[in-house]
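Chemist: Sending over a structure as structure tokens; questions will come in a sec.
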Amino acid sequence: MWGKNGVTNYFGASGSYLDWTGMAYMRNNWFPDDWASLQTQTWAMDSVNGFYGTIPLLTVALRDWASIYTNFAVVPDGSYMSIIGMYKHHVGNNANICTLNHLKKYNMRWGIPVAPESYDKNFNIWGDQYSNFNAGKIRLILEGIAGLDYSIPDDTFTVCDTMPMEWTYMNVMVPLTKNGRTYWVGSDLTRQQKPDGTVEKTIGITGNTQGTLNIQPWLEEKTLIDAPAGYIDQQPRGHIGYTFGNTGSKTIVIRLQ
């Protein structure tokens, strides 16, 4: 279904118009990383023919804008499902561009936070103004930007960040319940621009209760110039990966250029 109906760098394109469901396929584990990168760059970032509209991401590509449902030009659940796969397949900066601009333009209006059911074709708020369809976008922050994942059965805790380059820090506390007791695992990310033009990133984990701790700093599509020994390069794509056993607290500092 890759390139279906002659649509380059898109998965599952229908014969009538290009809608957001092709973007949502990226949520699957089997979707190739390189396809996700190509699909995002070609269609999600395109403000002429693709899905990057006044409020990204649109439910129908701009090339087929006449086919859009009047009241559902942008919807919260479709936007979440279109973007979360970018993080799953480590698209990186483009995922952040889509997420941050969506949150700023969809979930802020009149200087206050809003949670509308949708925006219509003229980008006016439509429907329920307290729609829980927006809740999925919390996962864009926790699982995408902060890169948090854990498993009680597998006894693992992972932080695989994609913290935006315009941010200087991010702090998240994660509740883990084991054997009837709740523990709070802390993840602190800081980013500092140095006078010499390099970037210093720090990821600090505290209170980890899991047997395996994975720390996977994002390289920000830059060159790694310094990092503690013991990492695996490009694990996952665009990151380096460290694995520690039975470690409650750990801090990793890297430098990029």
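The values are calculated or read from the model by the stated rules, or taken from the named source; none is laboratory data. If you're wondering where the values come from, they're calculated on a predicted model, not measured in any experiment. In this analysis, Cβ positions are derived from the backbone assuming ideal geometry, glycine residues included, and neighbour counts consider all displayed protein chains.
Chemist: Quick check, is S79 surrounded by fewer than 20 Cβ atoms within 10 Å (Cβ to Cβ) and either part of a helix (DSSP H, G or I) or at pLDDT 95 or above (or both)?
Modeler: On the way: surrounded by fewer than 20 Cβ atoms within 10 Å (Cβ to Cβ): no; either part of a helix (DSSP H, G or I) or at pLDDT 95 or above (or both): yes.
For S79, the condition - surrounded by fewer than 20 Cβ atoms within 10 Å (Cβ to Cβ) and either part of a helix (DSSP H, G or I) or at pLDDT 95 or above (or both) - is not met.
Chemist: A further question on this structure: So which residues in segment 117-149 are surrounded by 19 or more Cβ atoms within 10 Å (Cβ to Cβ) and among the hydroxyl-bearing types (S, T, Y), if there are any at all?
Modeler: Within segment 117-149, S118, Y119 qualify.
Chemist: Determine, yes or no, whether K104 is buried (at least 19 other Cβ atoms within 10 Å of the Cβ), under 30 Å from I215 (Cβ atoms) and not polar (S, T, N, Q). Let's see the steps before the verdict.
Modeler: On the way: buried (at least 19 other Cβ atoms within 10 Å of the Cβ): no; under 30 Å from I215 (Cβ atoms): yes; not polar (S, T, N, Q): yes.
No, not satisfied.
Chemist: Right, another one. Among what's in segment 109-140 and is modelled with pLDDT under 95, part of a strand (DSSP E or B) and not aromatic (F, W, Y), pick the residue that is nearest to R237 (Cα to Cα).
Modeler: Looking at residues that are modelled with pLDDT under 95, part of a strand (DSSP E or B) and not aromatic (F, W, Y), I get P113.
Chemist: Here's something else I'd like to know. Among the residues of segment 170-205, count how many are of a type in the set (S, T, Y) and over 18 Å from I240 (Cβ atoms).
Modeler: Number of matching residues: 3.
Chemist: Further question on the same structure: Take the residues in segment 152-211 that are of a type in the set (D, E), in a loop (DSSP other than H, G, I, E, B) and on the phi < 0 side of the Ramachandran plot; name whichever of them is farthest from the chain's Cα centre (by Cα).
Modeler: Keep residues of segment 152-211 that are of a type in the set (D, E), which gives 154-155, 161, 166, 188, 196, 200.
Narrowing further to those that are in a loop (DSSP other than H, G, I, E, B): 154-155, 161, 166, 196.
With on the phi < 0 side of the Ramachandran plot added as a condition, the list becomes 154, 161, 166, 196.
Details: D154: 23, D161: 9, E166: 15, D196: 29 Å.
The extreme case among them is D196.
Chemist: Can I ask one more? For segment 41-48, check the following and say yes or no: at least one residue is assigned to a helix (DSSP H, G or I), at pLDDT 95 or above and either touching a Pro at 6+ places or on another chain (Cβ under 7 Å) or surrounded by fewer than 17 Cβ atoms within 10 Å (Cβ to Cβ) (or both).
Modeler: The answer is yes, given that some residue of segment 41-48 is assigned to a helix (DSSP H, G or I), at pLDDT 95 or above and either touching a Pro at 6+ places or on another chain (Cβ under 7 Å) or surrounded by fewer than 17 Cβ atoms within 10 Å (Cβ to Cβ) (or both).
Chemist: Okay, next question. Look through segment 163-196, keep the residues that are at pLDDT 95 or above and among the hydroxyl-bearing types (S, T, Y), and return whichever of them is farthest from I215 (Cα to Cα).
Modeler: That would be T182.
Chemist: Looking at (1) more than 15 Å from the chain's Cα centre (by Cα); (2) on the phi < 0 side of the Ramachandran plot, can you tell me which one D149 breaks?
Modeler: (1)
Chemist: Mind listing just one residue for me: the one in segment 2-34 that is without any contact (Cβ under 8 Å) to a residue 24 or more places away in the chain and on the phi > 0 side of the Ramachandran plot and, of those, surrounded by the most Cβ atoms within 10 Å (Cβ to Cβ)?
Modeler: Selected residue: G12.
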